[in-house]
Every structure is written in C-alpha cells, then in structure tokens.
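Notes to accompany the following structure.
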Amino acid sequence: MSEFPTTARVVIIGGGAVGASALYHLARAGWRDCVLLEKNELTAGSTWHAAGNVPTFSTSWSIMNMQRYSTELYAGLGHAVDYPMNYHVTGSIRLAHSRERMQEFERAKGMGLYQGMNLEILSPAETQERYPFLETHDLVGSLYDPADGDIDPAQLTQALAKGARDMGARIERFCPATGVSRKNGEWIIHTAKGDIACEYVVNAAGYYAQRVGEWFRKYGGRTVPMMVMSHQYLLSEEIPELEKWSRESGAKLPLLRDVDSSYYLRQEKNGLNLGPYEGNCKAHWVDPADPMPEDFSFQLYPDDLDRIEWHIEDAMARVPLLGQAGISKVINGPIPYAPDGNPLIGPMPGVPNAFEACVFTFGIAQGGGAGKVLAEWITEGQTEWDMWSCDPRRYTDYTDADYCVETGKQVYGHEYAMHFPHHRWPAGRDRKLSPIDDRIRSLGGQMGVYNGWERANWFAAEGDDTSEAATQTWNRNGPWARRVREECEAVRDAAGILDLPGFSRYRVQGEGADEWLRGFCTGGIPKIGRIGLIYVSDRRGRILTEMSVMRIKEDFYFLITAGGAEWHDLELVKSRLPRETAIEVQNVTKDFMTQIFTGPKSREILAQITDADLTLPWLSHQSAKIGEHWVQLVRVSFAGELGWEIHTQMPDTAAVYDIVMAAGVGHGLKPFGMFALNALRIEKGYRAWKGDLSTDYSILEGGLERFVKLDKPQEFVGKAAILSERQRGVAKRFVMLVVDAGDADAPYMSTLWHDGEVVGETTSGAWGYRVNASVALGMLRADLAVPGTEIEVEIYGERCRAVVQEDQPLWDPANERLRA
Ligand SMILES: Cc1cc2nc3c(=O)[nH]c(=O)nc-3n(C[C@H](O)[C@H](O)[C@H](O)COP(=O)(O)OP(=O)(O)OC[C@H]3O[C@@H](n4cnc5c(N)ncnc54)[C@H](O)[C@@H]3O)c2cc1C
C-alpha cells in the first residue's frame, strides 16, 4: 500500500473539502481504486481558513438540494467514519428589511418544504425571542432555518479522507500534479513522485483550478472561467455577556445573516465571527502586478479592515454585544468565483473523461453534495438531480479574464442580493452582439444576456423608466408590462419580429446520418424539406434535451437547439456518434442568425420581398431570397402564430432585417423581445429547456409520449426505462395551469398544493396577454393531472387558486393560426 500508485481508475487533483468529498463518494459508490493528489497537506487551499458555515438556503432548487444533502451527510459523518467532528447545528436567522425580502424568504420556505425541510417565517418579535441580543425595530421579519450551522472545515475534510481511505481509496499528500498527457485512451497524470495512468481525472484544485485547467487545453479544453476574490471575517475577543448567556441557556446563538446589509455573524466559542461581503471588494491575482504565487498553501492576505468598516459598524448597531469586545483575529483568504457564483461540477467541456469539481464559493456547505454529484457524473454518467446550474458547460467561449473579474466582483458584492425576474445584472455585458444590435437598441431594445449574446427583452418607448431600480420587484408589472402587452398584441393582430442571435446550430452530414439520428432520439425524424422536434433521453428515460431537426436532404440536416445548450448539446451529439463514422458534426452557431417573424400579417409582408413559396405548410422549410440575399425560411413560430423563422448568413442579416422592416411599414410590424416570447410560448404550452425540460423529469412525465416511438427498429437510450415507466404509470405529469394570481406570476419551483399536501411544482409561469390570464406550467401528482382539477399554487407565500387545463394549447388549441 505504501508504494506510489502508478494506476488508478480516477485521479482527483486537489485535497480540499471538495476533492476529499469526491473521493469519499467515489469510494462509497464502489470505485475504490481512486487516488487523490494534494500538493501540500489536506485543506491547504481555501478550506483550512473557511468560516465553516453550512446553510441550506438557496433560491436555486439544485443548490438547495446539494446543500441539504451536505447537512444530512455531515450530521452522520463523524459516526460513520469514526472521526471526531465539531458540527454545531444552531439554526440560522436571515433578516428581512423589506417586503420583497420576505417574499424571497417565503419562496425559499416553499422550496424547502418540498425538500423535506421546515424553514420558518418569523415576525420581528419572534426573531428577537430566538436571538435575544438583536435590534429589531427596523425589521420586517426573518427566516429561520433549523438545519443551518457550522462545521470545522479541517475536521470535515479529514473525516471524508478517512472514510475514503478506509474504503480503499488512496491519498498522496505533498504530491503536486505537474501536468497531464494522454496515451492509449488513458490519462497520464504527471506528479512530483511519478506518473499515474488513469481512466478519469478530476480538477478539484480550488483557486488553482484555472492553472490545472490549462493542461487540458491541448486535449480540447478551454480556460476555466473563474477569478479569485479576497474574503475576510474577523473574530472578536470573548464577550462575557455572551459567555454567561451560553452557559445559562446551554445554547449557542443561531447563525445570523443580515442579508440586506450583506454579512454573517456567528457565535464562535464565546465570541462572534463577522464576515461581510462588501460592495467595495477586492479581486486578487487578476493582473500582472499581482501574480498568483506558485504556492499559497496555508497562507492569508494582509488584513484590510477599512474595506469592511461600514459592515462592522452596522453589525455593532444590529447586535450591540459585538461592540463590547475587541477584535482578536482577522482571516483574509482567497475564494474562487465563477461568473455566476455557482461552482463548476461535471464534465470538463470538450475533454474526454475529464471532470471538474472546482471554483467553489461555498465549498464547505456544498462540498458534501458536490462529492455526490461528481461521483454520479463519473460512475453513472448522469446525476440524481438536474445540476445544470453548476454544469461547467453553461459557459461557452465568451468568458475571458475581464469578464470573469467583472462578474465575479459583481456576484461577491451582491452575494445575498435578490434575483428579481425582470432584473439584468450590468457586469460582463456586450460579449456577443448580433449584427443588428445597433438597430435593436435604437428601437428601444432593453437587453438581456443569453449564453453571452445580447438579445432584447423588451422595447422601451420614449419616457419609459429603464432604470435598474425599477426592476427591483417580484411583480409582473413594471415599466415593461405595457410594452410587453403591446408586443404580444402586435404578434396576435399583425406581425412581430424578434432578433434571436445565438440560436445553437449544428450541421450534421455524412453517410448514415439519418439512421444515426433515428437511434439518437426517442421518436421519429422529419421528412426532407420538413422540420420537427426531437427529444433525447438518458438511460432513466429523463429529458436530456429537445432539438429541432431541419432536414435538408438525405443524410444532411441541421440540429437547432436552445442558446444556452450550445456546448451541452454538441457534446451530447458527439458522445453518441459511432466510433468509426462518416458523419460530420460542425457547430455553426456563429455563422447564422435567426429572426422570429410571426403574426397573421407575416405572409403579406413577406410576399412583397421574397420569391419563396409562402403556401408551403406549417413545419416546412425552403431556401429563398429576400432581396438579393439567401435565406432559409422555416415555417414555425415559437409564439404560436402564422410565421416563419428567417435564417440568414451572418453578413446578410442586417440587409435582410432592413428589407423586412421596410416591408412591414403600414402593416403593424413591431419588434418584440424575449419577455413577450416567454409569455406567448407559455400560452401555447411550449416548454423551455432547463426550466420545463430537465433531467428532473422523464419524457413521459413531461407529457411528450407523442415524441416517443417504441416500435421503431432503432434502439435508443432510455427505451427500457420508458417502457417500464409506461407500464408502471408516471408519478407526476406535466400540466398547464390557469392561476388566480395576485401581483406576481408563479416563478420556477413554486409549490403546488391540494388538500393541505404538497403535490407538485411549477416549472415556469407568466402572464398570457392573449388569453388574459396568469399561466403556469408545472409537474403535478399524476392522479390530480385531470382537466378541471382545482389546486393551489404558492406564489411568494400567497396560495392562489389554480385550475388544471386540457392537455392542449390555451391559445389556438387546434393550431389553426399556426397552420393558416
Ligand atoms: C475567509 C473565508 C471564509 C469562508 N467561509 C466559508 C463558509 O463559511 N462556508 C463555506 O461553505 N465556504 C466558505 N468559504 C469558501 C471555502 O473556503 C471554499 O469554497 C472551499 O474551501 C473550497 O474547497 P475546495 O476543495 O474546492 O478548494 P481548496 O480548499 O482550495 O482545495 C484545493 C486544493 O487543491 C490543491 N492543489 C492545487 N493545485 C494542485 C496540484 N497541481 N496538485 C495537487 N494539489 C493541488 C491545493 O493545495 C488545495 O489544497 C470561505 C472562504 C474564505 C476565504
């Protein structure tokens, strides 16, 4: 056992909490022949100095899942692996200074309940009962999380390491990985002590993940999107009054988070630990004058209390006890940040058999869950929970260093901010622009970001309030609402045009391409000259993706898929190609542009400017000319009206757009944006990827059986699972709901209630301007998924009556307008 291992199934680079958890979970899954490499001692990176807070709170379903799992794991870990563990489950209190904050808490409470957690909403008086030293005069209330607490990060890591070792896994300390290479389909991990050949490799190198990631560039990888922030917490000296209270009550104070003032305050022994996320924050190692050192093991940055002075004063006013003692210690250490603050867990984009479990901002709280997710990725190729929010492929080619620094600082400075549905964050913008971006903005386009591309969310008119402040609401109404209504009405009554840059697109051609496609998807494929939807399932019959297939000729078609799915779906396609094949797949997303051109007058407008046959039916496509320019006209409309997608080559886009806009004068043609499109598609019951369509649901639960052909000769992934689920019957079922909503429509993951029981969740919701109702799509317990059933949807704490609709579009149920 003492000899250096020269082979392993998996090598993990990095021995922080996350790497150790990955090793532990791999070993628990029976993959014991795994090695973890740590260049120094375990915990030498960010882990050793972490404050150790372990919240479950999140407004992301998957992050909440991961954190909840961590708390459950940590509660039993010391016992399971026989290692001493200081894990204090003290509960936590999050303070609300506004009604909007209380609404956010209500939403988290609903999600928590669905995950089996009992979060509580407290009044200011109840808050004070649980936290006697608190000033509450200016509070609206708080959220109490009984599962929150703190753990010793070093003990946690050592316990996971012991558990893994006891099961047979290996840990090589003081053994830096120095590079990787590939030989005979295996990875060779070069280390200071020798090479290890392995099947899989995991980058768990914490704030060094970008450096380690560079080794994989020559094998198809990209630069890891991340940057490093400095984060400080300070420890107070002992506070006699707190010592007395703890002694007498036998308790520890709940962990306090004043999220609107942006800090946490935790009892540490008989003192307090204050950790602010300051707006005036500092990135490290981001410019040549401040290079990242070769080694920073067990080191800290110099204290910088000036930066957090405001927070110290604010915390002393909130908990005056804090002012009774001096500061005994300041910890200022590095935390890696991805551009959205979520970690990278999953397949390394573009690289075979390589995975990432790195860039953790809350790696102590998330480490347990992350280890489980990573182990599932490697051993099963799929995860129990849909983990798109952490999937490394959510970022594509636009995340250069400036982008990462701007967005990382933005996230850090707004760590506890509310994420309002109509708000768009200002940092890291204008990375990928449509060739008609100038035209869209001059028409009043209020832009949002979709996989780095700027698209208009809505079009403001002269005098509309377009300030960021106006978007600080959960409500449907704001300055955009009137314009979104006008845009939807133009699409309904005349015509609308939406510039959709970054619609992901792959050209697939070569002998055998048609046959391969038939086995790739669950259902049938369209005839030549037609376009149709296909679904791709995983082995469990769950929904991996939805794509449109535009079939050009035999063995030649385009696969078109969601903007955000660009790298995910490309890898999916490539991973399922036969080993030896004549089929070529090319990502041509950047070569083409798309306009959604739709509405009852779209035909008469197009007739003026194209030689195309505009009588061709719904779901057809044709090459044609607009002016002198080649276009592909595709007779589909995600808005659910007569219409075409106008696909252009990048350089022709501006000219074609100008011709269409000029032809629309006098016909009521109006540009419309993504907010309107979302409202229009929801009325049709069209699902959106990673909201309504995710691996949390099966194809059958998603109500997509008409896209499944069990009798086709081609075997497809997930067939056996779909067959058995069909025999068993589904547990949940996709439904459309009309909701008696108040001021807000149902956000993602609002709980559905029936007879006092939680019976499902929404996957999206919006106001439908054509049907004049609040509409939600969701997953409901199968026995209740019957048209006419009344249930309730909990929207930011308010239970609203909702009625299950027929399994057909709410707007134009027979698709007559689409087929017109
Ligand atoms: C002041 C502060 C307070 C924090 N408080 C909390 C908190 O309360 N709760 C929370 O959840 N999170 C907290 N964090 C964040 C937390 O510390 C990190 O998210 C977490 O430690 C990340 O763990 P990791 O395993 O991903 O990375 P790390 O702990 O950084 O581990 C990566 C390891 O990889 C090793 N390594 C790097 N390169 C190589 C190589 N080439 N070969 C071999 N080994 C290599 C490093 O030596 C290191 O040990 C805090 C961070 C700071 C700075």
Fill in: Qualifying residues in the range 76-102 (those that are on the phi < 0 side of the Ramachandran plot and among the charged types (D, E, K, R)) - the one most open to solvent (accessible area, probe 1.4 Å)
Arg99
Fill in: Residue that is farthest from the ligand (Cβ to nearest atom), among those in the range 51-88 that are under 24 Å from Asn270 (Cβ atoms) and in a helix (DSSP H, G or I)
Gly78
Worksheet item: When you go through (1) in contact with a strand residue (DSSP E or B) (Cβ under 9 Å, 6 or more places away or on another chain); (2) surrounded by fewer than 21 Cβ atoms within 10 Å (Cβ to Cβ) one by one for Phe105, which number turns out not to apply?
Response: (2)
Discussion item. Take Val201 and tell me if it is β-branched (Val, Ile, Thr) and outside any strand (DSSP E or B).
Written reply: no
Discussion item. Go through (1) open to solvent by 30 Å² or more (accessible area, probe 1.4 Å); (2) assigned to a strand (DSSP E or B) for Thr466 and report which single condition fails.
Written reply: (2)
Fill in: Residue satisfying condition, being closer than 28 Å to Ser602 by Cβ and either assigned to a strand (DSSP E or B) or not charged (D, E, K, R) (or both), within set Leu818, Leu780
Leu818
Worksheet entry | Filter result for Ala147 (modelled with pLDDT of 95 or more and assigned to a loop (DSSP other than H, G, I, E, B)) | yes
Worksheet item: Residues in the range 11-18: is at least one more than 8 Å from the ligand (Cβ to nearest atom), surrounded by fewer than 21 Cβ atoms within 10 Å (Cβ to Cβ) and either within 15 Å of Gly363 (Cβ to Cβ) or not small (Gly, Ala, Ser) (or both)?
Response: no
Item to complete: Given the conditions (1) open to solvent by 10 Å² or more (accessible area, probe 1.4 Å); (2) within 27 Å of the chain's Cα centre (by Cα), report the number of the one that Val573 does not fulfil.
Response: (1)
Fill in: Residue, nearest to the ligand (Cβ to nearest atom), within the range 311-347, restricted to residues that are more than 21 Å from Leu256 (Cβ to Cβ) and either without any contact (Cβ under 8 Å) to a residue 24 or more places away in the chain or open to solvent by 30 Å² or more (accessible area, probe 1.4 Å) (or both)
Asn342
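Every residue, every condition in (1) more than 30 Å from Asp314 (Cα to Cα); (2) in a helix (DSSP H, G or I); (3) acidic (Asp, Glu); (4) without any contact (Cβ under 8 Å) to a residue 60 or more places away in the chain, yes or no:
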| site | (1), (2), (3), (4) |
| --- | --- |
| Gln210 | yes, yes, no, yes |
| Gly213 | yes, yes, no, no |
| Gly221 | yes, no, no, no |
| Leu235 | no, no, no, no |
| Lys244 | no, yes, no, yes |
| Leu256 | no, no, no, no |
| Leu265 | no, no, no, yes |
Worksheet item: Quick one: in the range 576-589, which of the residues that are open to solvent by 70 Å² or more (accessible area, probe 1.4 Å) and modelled with pLDDT of 95 or more is farthest from Leu498 (Cα to Cα)?
Response: Glu584
Discussion item. Here's a check for you: in the range 388-412, which residue that is within 16 Å of the ligand (Cβ to nearest atom) and of a type in the set (A, V, I, L, M, F, W, C) is surrounded by the fewest Cβ atoms within 10 Å (Cβ to Cβ)?
Written reply: Val411
Worksheet item: In the range 28-50, is there at least one residue being in a loop (DSSP other than H, G, I, E, B) and hydroxyl-bearing (Ser, Thr, Tyr)?
Response: yes
Fill in: Tally of residues being near the ligand (Cβ under 10 Å from one of its atoms), in a strand (DSSP E or B) and surrounded by 18 or more Cβ atoms within 10 Å (Cβ to Cβ) across the range 159-179
2
Practice prompt. State whether the residues of the range 796-806 include one that is in contact with a helix residue (DSSP H, G or I) (Cβ under 8 Å, 6 or more places away or on another chain), of a type outside the set (Asp, Glu), open to solvent by less than 20 Å² (accessible area, probe 1.4 Å) and within 27 Å of Gly478 (Cβ to Cβ).
Written response: no
Worksheet entry | Test set (1) assigned to a strand (DSSP E or B); (2) within 11 Å of the ligand (Cβ to nearest atom) - Phe355 fails condition number | (2)
Response to the item:
Picked from the range 643-664 (must be open to solvent by less than 10 Å² (accessible area, probe 1.4 Å) and out of contact with any helix residue (DSSP H, G or I) (no Cβ under 6 Å at 6 or more places or on another chain)), the residue nearest to Leu614 (Cα to Cα) is Trp644
Practice prompt. Pull up the range 259-305, narrow it to residues that are within 14 Å of the ligand (Cβ to nearest atom) and on the phi > 0 side of the Ramachandran plot, then point me to the one that is surrounded by the most Cβ atoms within 10 Å (Cβ to Cβ).
Written response: Trp285
Discussion item. Which condition from (1) away from the ligand (no atom under 12 Å from the Cβ); (2) surrounded by 23 or more Cβ atoms within 10 Å (Cβ to Cβ); (3) in a helix (DSSP H, G or I); (4) not aliphatic (A, V, I, L, M) is the one that Ser21 breaks?
Written reply: (1)
Worksheet item: Which members of the range 199-214 meet the condition of being more than 9 Å from the ligand (Cβ to nearest atom) and surrounded by fewer than 24 Cβ atoms within 10 Å (Cβ to Cβ)?
Response: Glu199, Tyr200, Gln210, Glu214
Worksheet item: Name the pairs: first residue in the range 107-124 and among the polar types (S, T, N, Q), second residue in a helix (DSSP H, G or I), Cβ to Cβ under 9 Å, at least 6 apart or on different chains?
Response: Gln115/Trp61; Gln115/Met64; Gln115/Asn65; Gln115/Arg68; Asn118/Lys109; Asn118/Gly112
Practice prompt. Kindly indicate which of Thr47, Thr127, Thr56, Thr71 is buried (at least 21 other Cβ atoms within 10 Å of the Cβ) and touching a Lys or Arg at 6+ places or on another chain (Cβ under 6 Å).
Written response: Thr56
Fill in: Checklist (1) in contact with a Pro (Cβ under 9 Å, 6 or more places away or on another chain); (2) of a type outside the set (Lys, Arg); (3) open to solvent by 10 Å² or more (accessible area, probe 1.4 Å) applied to Glu487, failing item
(3)
Worksheet entry | strands (runs of 3 or more DSSP E) completely within the range 587-687 that count 3 or more residues being under 29 Å from Thr545 (Cβ atoms) | 592-598, 621-626, 629-634, 643-649
Worksheet item: With respect to Ile308, is the statement that it is surrounded by fewer than 24 Cβ atoms within 10 Å (Cβ to Cβ), closer than 18 Å to Ala51 by Cα and either away from the ligand (no atom under 15 Å from the Cβ) or of a type in the set (Val, Ile, Thr) (or both) true?
Response: no
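The values are calculated or read from the model by the stated rules, or taken from the named source; none is laboratory data. Worth saying up front: this structure is predicted, and the values here are computed from it rather than measured. Please note: Cβ atoms are built from the backbone with ideal geometry, for glycine as well, and neighbour counts cover all protein chains shown. Each accessible area value is taken on the protein alone, full model and side chains, heavy atoms only, with ligands, DNA and RNA left out. Shrake-Rupley method; radii C 1.70, N 1.55, O 1.52, S 1.80 Å.
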